[in-house]
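The values are calculated or read from the model by the stated rules, or taken from the named source; none is laboratory data. Keep in mind the model is a prediction, meaning the values are calculated, not measured. Cβ placement follows ideal geometry from the backbone for every residue including glycine, while neighbour counts extend to all protein chains displayed. With ligands, DNA and RNA removed, areas are computed over all heavy atoms of the protein, side chains included. Shrake-Rupley method; radii C 1.70, N 1.55, O 1.52, S 1.80 Å.
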Amino acid sequence: MSRLAGKIVLITGASSGIGQACAVEYAKHGSHLILAARRLERLDSLKSTFAKDYPSVKVHALKLDVRNKDLVFDAIKSLPKEFKDIDILVNNAGLVIGVDPLETVSEEAINTMFDTNVKGLVYVTQAVLPGMKERQRGAIVNISSIAGTEAYPNGSIYCATKHAVCAMTKSLRHELVATPINVISIEPGMVETEFSVIRFGGDKEKADNVYKGLEPLTGQDIAETVVFATSRPPHVQIASMVVFPTNQS
Ligand code: NDP
């Protein structure tokens, strides 16, 4: 039986891409799922699919904007009883807005990226971690990026947010070193998801150009990595995993 069977997994940003793929991979292992995102209709539709494909998996669809601290805390506090004891938190919600030189990047883009990728991740972690400490078990997976250790032109703010995610992940791992709670950073290269088009403001042609000459990763590739990292024996902590498409330099 999988070590993940029966675990309660909260995935933020579960309405598409990597988060949705994580939901599918955890369901295959018999974990129960809290699927969180702003687009509740998508989560409800996923929940219906899971009811057919994985009838033994319990699914709770949670409308959540990670940027709102009060709502995040209320949402975690008000979870139905059978979903309260979260074992694994996948902090995946995140976005990139625009591909702009630092000189012209808008204040709105700066705020939205920091509020979502950095502050949102902190709020959800702050809401979930006390329960994990009380139960003396758990794992927190932060979906960072290769942009968390590298930087590229016209991506200064996104890279800054993901550098912050890598730094917070390391700090938290140190803070929790005396506990059985694992803190894991997953750092993907190019993954083809809605994110690929969102970053170009919906311009599909520009988005496709990025992948010329390489085969991007899929959400499933990252989800399998997340599942691997959270299914090790209790004495093993995967600190970080960097996942590139084979032909991305
Ligand atoms: P998607 O755009 O497919 O998914 C992003 C998810 O984040 C959506 O489910 C969205 O849901 C959710 N989200 C965005 N803002 C909020 C918010 N304020 N509150 C709650 N949920 C929110 O992109 P990916 O799957 O590619 O991205 C997932 C993560 O992976 C991100 O953190 C991204 O930075 C990271 N990543 C992606 C890479 C790539 O190449 N695609 C590479 C490296 C890292 P909704 O809109 O319904 O709220």
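The criterion of being open to solvent by 20 Å² or more (accessible area, probe 1.4 Å), aromatic (F, W, Y), touching a residue at least 40 places away in the same chain (Cβ under 8 Å) and within 16 Å of the ligand (Cβ to nearest atom) holds for Y123. On the stretch given as region 58-94, residues that are open to solvent by less than 70 Å² (accessible area, probe 1.4 Å) and over 20 Å from the mean Cα position of the chain (by Cα) total 1. Of the candidates V177, V236, the single residue that is under 25 Å from H29 (Cα atoms), open to solvent by 30 Å² or more (accessible area, probe 1.4 Å), free of Cβ contacts under 8 Å to residues at least 12 places away in the same chain and away from the ligand (no atom under 11 Å from the Cβ) is V236. Selection of region 127-149 for residues being away from the ligand (no atom under 15 Å from the Cβ) and touching a residue at least 24 places away in the same chain (Cβ under 8 Å) yields L129, G131, M132, K133, R135, Q136, R137, G138, A139. Kindly provide the set of residues from region 164-211 that are under 19 Å from S240 (Cβ atoms) and among the β-branched types (V, I, T), ordered by number. Within region 164-211, V165, T169, V177, T179, I181, V183, I184, I186, V191 meet the criteria. Among the residues here, A147 qualifies as closer than 30 Å to A127 by Cα, open to solvent by less than 10 Å² (accessible area, probe 1.4 Å) and not β-branched (V, I, T).
The set of residues from region 36-49 being in contact with a Lys or Arg (Cβ under 9 Å, 6 or more places away or on another chain) and open to solvent by less than 40 Å² (accessible area, probe 1.4 Å) comprises A36, A37, L43.
Scanning region 193-220 for residues that are free of Cβ contacts under 8 Å to residues at least 60 places away in the same chain, over 18 Å from V99 (Cβ atoms) and open to solvent by 20 Å² or more (accessible area, probe 1.4 Å) gives G213, E215. Of all the listed residues (S31, S15), the sole one being near the ligand (Cβ under 10 Å from one of its atoms) and either surrounded by 14 or more Cβ atoms within 10 Å (Cβ to Cβ) or within 19 Å of the chain's Cα centre (by Cα) (or both) is S15. Out of S171, S231, one residue alone is open to solvent by 40 Å² or more (accessible area, probe 1.4 Å), more than 15 Å from the ligand (Cβ to nearest atom) and closer than 25 Å to I11 by Cβ. It is S171. Inside region 103-120, residues that are open to solvent by 10 Å² or more (accessible area, probe 1.4 Å) and in a helix (DSSP H, G or I) make up a count of 10. Selection within region 34-48: residues that are over 19 Å from K81 (Cα atoms) and in contact with a Ser or Thr (Cβ under 6 Å, 6 or more places away or on another chain). The member of this set that is farthest from the ligand (Cβ to nearest atom) is L43.
Take region 58-75 and flag every residue that is closer than 18 Å to I140 by Cβ and either in contact with a Gly (Cβ under 8 Å, 6 or more places away or on another chain) or part of a strand (DSSP E or B) (or both). Result: L62, V66, V72. Those residues that are assigned to a helix (DSSP H, G or I), among the aliphatic types (A, V, I, L, M) and within 16 Å of G219 (Cβ to Cβ), I need them from region 1-43; list them, please. Residues satisfying the conditions are I18, A21, A23, V24, A27, L43.
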